[in-house]
1. Which of the numbered conditions does residue 110 fail, given that it passes all the others? Conditions: (1) more than 23 Å from residue 162 (Cβ to Cβ); (2) assigned to a strand (DSSP E or B).
2. Give the residue that is surrounded by the fewest Cβ atoms within 10 Å (Cβ to Cβ), with candidates limited to residues of the range 48-64 that are more than 16 Å from the chain's Cα centre (by Cα) and in a helix (DSSP H, G or I).
3. Could you check, for the range 73-80, whether at least one of its residues is crowded, with 17+ Cβ neighbours inside 10 Å, closer than 22 Å to residue 151 by Cβ, under 13 Å from the mean Cα position of the chain (by Cα) and not charged (D, E, K, R)?
4. Please enumerate the residues belonging to the range 31-45 that are more than 14 Å from residue 84 (Cα to Cα), in contact with a strand residue (DSSP E or B) (Cβ under 9 Å, 6 or more places away or on another chain) and assigned to a loop (DSSP other than H, G, I, E, B).
5. When you go through 92, 115, 39 one by one, which is the residue that is on the phi < 0 side of the Ramachandran plot, surrounded by 14 or more Cβ atoms within 10 Å (Cβ to Cβ) and either at pLDDT 95 or above or out of contact with any Ser or Thr (no Cβ under 7 Å at 6 or more places or on another chain) (or both)?
6. Which ones in the range 10-28 are surrounded by fewer than 21 Cβ atoms within 10 Å (Cβ to Cβ) and either in a strand (DSSP E or B) or charged (D, E, K, R) (or both)?
7. What are the residue pairs meeting all of these: first residue in the range 78-97, first residue within 21 Å of residue 108 (Cα to Cα), second residue modelled with pLDDT under 90 and surrounded by fewer than 20 Cβ atoms within 10 Å (Cβ to Cβ), Cβ atoms under 7 Å, and 6 or more apart or on different chains?
8. So which residues in the range 118-154 are farther than 16 Å from residue 92 by Cβ and at pLDDT 75 or above?
Amino acid sequence: MASLFFSSFEVTRQCFYRTSSAYAIVNIKPITLGHVLVIPTRKVLRLADLNDAELASLMSSVQRVGNVVERAYGASALTIACQDGKAAGQSIPHVHFHIIPRKTVGDRFSNNDDIYPVLERAEGSLNSDLQQTTSQSTLKVDADENRKPRTEVEMEEEATWLRSFFV
């Protein structure tokens, strides 16, 4: 199996779903339990850079992964987000969708829209978290967040568990 890269970061061990043109990985610093990313295999900066077949496959993967994540984490809904370009908050120069499980009762956010500022901060720190994790240095913690980046072992364990839902 060929290695997978999210921009320049190898994420093969974090991958739990893969097609010829898209894959899904667990998140280094999830906003909620089950927060994952769906990414096109070909590295492109913007959605408009994908051809029609790649875009269709990516959206099909978002749908399929979303269905599994919702079921696996006992959610009743999903927040699906894509920051398409730097001005929109995209910190990694590679198109990706966030899939975040949500619950009617017991959700982290009592006001549903409160997730968006947290998502924006999470996206902004993703690049430095990935750099530090892949270089095996001390993991960074955002000053305004209690969410700590996970270790590669923790992410691989979750990916292995999620992979079992696609058999």
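1. The one condition residue 110 does not meet is (2).
2. Filtering first and then ranking leaves 52.
3. Within the range 73-80, not a single residue is crowded, with 17+ Cβ neighbours inside 10 Å, closer than 22 Å to residue 151 by Cβ, under 13 Å from the mean Cα position of the chain (by Cα) and not charged (D, E, K, R).
4. 31, 32, 33, 34, 35, 41
5. 39
6. Scanning the range 10-28 gives 10, 13, 17, 18.
7. Correct list of pairs: 81/119.
8. Passing the criteria: 118, 148, 150, 151, 152, 153, 154.
The values are calculated or read from the model by the stated rules, or taken from the named source; none is laboratory data. Source: prediction; values computed, not measured. Glycine also receives a Cβ, built like all others from the backbone with ideal geometry; neighbour counts cover every protein chain displayed.
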